[in-house]
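All remarks here apply to the structure that follows.
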Amino acid sequence: MSRTYINWGEWDKVASATGIKRKPSTPKKNEDKKKAQRKKFTKCRECGGQMTYVPESNIFVCDNEVEKTRTITHEDGSTEEKKEIRRCGNVNLVDDQYMGYVNYLFS
C-alpha cells in the first residue's frame, strides 16, 4: 500500500482518501426555521394573530382587527347584542432574559 501525503487544508484529498463525506463549505442558513420560530414567538395571546415588533426595544404590539360583541341593556329592560370591529391593541413586553433570543430572531 502506498502512502499518501496530504498537506494541511486539502480537505478534498482527505475526504477521498478516507471515504468520509465532506460537509458543504458554506453552512446553510436555516431561514425557514427562523421564520417559524418568529411566527410562534410573536403570536398574540388575546386574538391569536401576529404581533408587530418595535425595532430595538422589548415591545410587541398587536394591530389586528377583532370582532367583539357588546350587550346593551336599554331602559325598558330589553337587551341588544351589537357586533363591532376593533383593533386588538394587546401589548407584550419581553423580559431581559429573552432579549438575546429576540435579537437573534429579528436580526
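The values are calculated or read from the model by the stated rules, or taken from the named source; none is laboratory data. Fair warning: this is a prediction, and the values are worked out from it, not measured in the lab. Backbone-built Cβ (ideal geometry, glycine too); neighbour counts: all protein chains shown.
To keep it simple, each residue is scored yes or no on (1) in contact with a Ser or Thr (Cβ under 6 Å, 6 or more places away or on another chain); (2) modelled with pLDDT under 90.
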site: Ile59; (1), (2): no, no
site: Val66; (1), (2): no, yes
site: Thr71; (1), (2): yes, yes
site: His74; (1), (2): no, yes
site: Gly89; (1), (2): no, yes
site: Asn92; (1), (2): no, no
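Of the residues in the stretch 34-48, at least one is under 30 Å from Trp11 (Cβ atoms), under 27 Å from the mean Cα position of the chain (by Cα) and at pLDDT 85 or above.
Scanning the stretch 59-76 for any residue that is among the basic types (Lys, Arg) and either on the phi > 0 side of the Ramachandran plot or in contact with a helix residue (DSSP H, G or I) (Cβ under 7 Å, 6 or more places away or on another chain) (or both) turns up nothing.
Filtered by the rule that a residue be closer than 25 Å to Glu31 by Cα and among the charged types (D, E, K, R), the stretch 80-107 gives Asp95, Asp96.
Test Val54 against the criterion of being at pLDDT 90 or above and of a type in the set (A, V, I, L, M), and give yes or no. Yes, satisfied. The test for being of a type in the set (A, V, I, L, M), at pLDDT below 90 and more than 14 Å from the chain's Cα centre (by Cα) holds for Ala17. The residue of the stretch 49-83 that is farthest from Phe106 (Cα to Cα), among those that are among the charged types (D, E, K, R) and under 25 Å from the mean Cα position of the chain (by Cα), is Glu65.
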